[in-house]
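Peer 1: Can you keep this structure in mind? I'll have questions shortly.
Please treat every number below as a calculation from the coordinates, not as lab data. What you see is a predicted model; the values in this text were computed from it and never measured.
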Amino acid sequence: MLETQLTASLATLPNFIAFFAVGIAISFVFTAIYSTVTPHHEFALIRNGNTAAAIAFGGALIGFELPLASAVAHSFSLIDMVIWGIVALLVQLLAYLVARVCDARLSTRIAGGDVSAGVLVATVSLGVGILNAACITY
């Protein structure tokens, strides 16, 4: 009985590995594109101890991962997951661009260590990510 349950559980391991690997790859793509779109250099700023940049990037990444996780949970194939992952990526980039339209100095403020600017980007990113994740369920 236990052997049958274990075999049944492990039968889905290849799907887990495939979805996880593709999810990680899409996350790296998001990170590369997001860090290219933003005028400030997140990783250099974070390495230098810029809390605002860390908060903004962390919020953006989590805001992207939420809908990506929803896409994994609701997709019927890897292609479906990739399509919705791309949608999540585009929505998250749009959220950042809208935040920049609302505050033209946003990137300069983050680069300067203005934590309130980092929190603003993180909050917008998370809010949009939560909404995006919920919309993927339909």
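Peer 1: In degrees between 0 and 90, to the nearest 10, how far off the longest principal axis of the chain does helix 51-74 point, with axes built from Cα atoms?
Peer 2: 30
Peer 1: Ok, one more. I'd like the orientation of helix 78-102 relative to the chain: the angle between its Cα long axis and the longest Cα principal axis, in ° from 0 to 90, rounded to 10.
Peer 2: For helix 78-102, the angle is close to 10 degrees.
Peer 1: Could you give the C-alpha radius of gyration of the chain expressed as a fraction of 2.2 N^0.38 Å, taking N as the number of residues it contains? Display every interim value, and only then the final one.
Peer 2: On the way: Rg = 17.5 Å, N = 138, 2.2 N^0.38 = 14.3 Å.
Expressed relative to 2.2 N^0.38 Å, the Cα Rg reads 1.22.
Peer 1: Considering every Cα-Cα pair within segment 35-102, what fraction, in whole percent, is farther apart than 18 Å?
Peer 2: 45
Peer 1: Given the C-alpha centroids of segment 22-48 and segment 63-102, what is the distance between them in whole angstrom?
Peer 2: 15
Peer 1: Moving on. If you average over every viewing direction, what projected area does the convex hull of the Cα atoms of segment 80-128 give, in nm²?
Peer 2: 3.5
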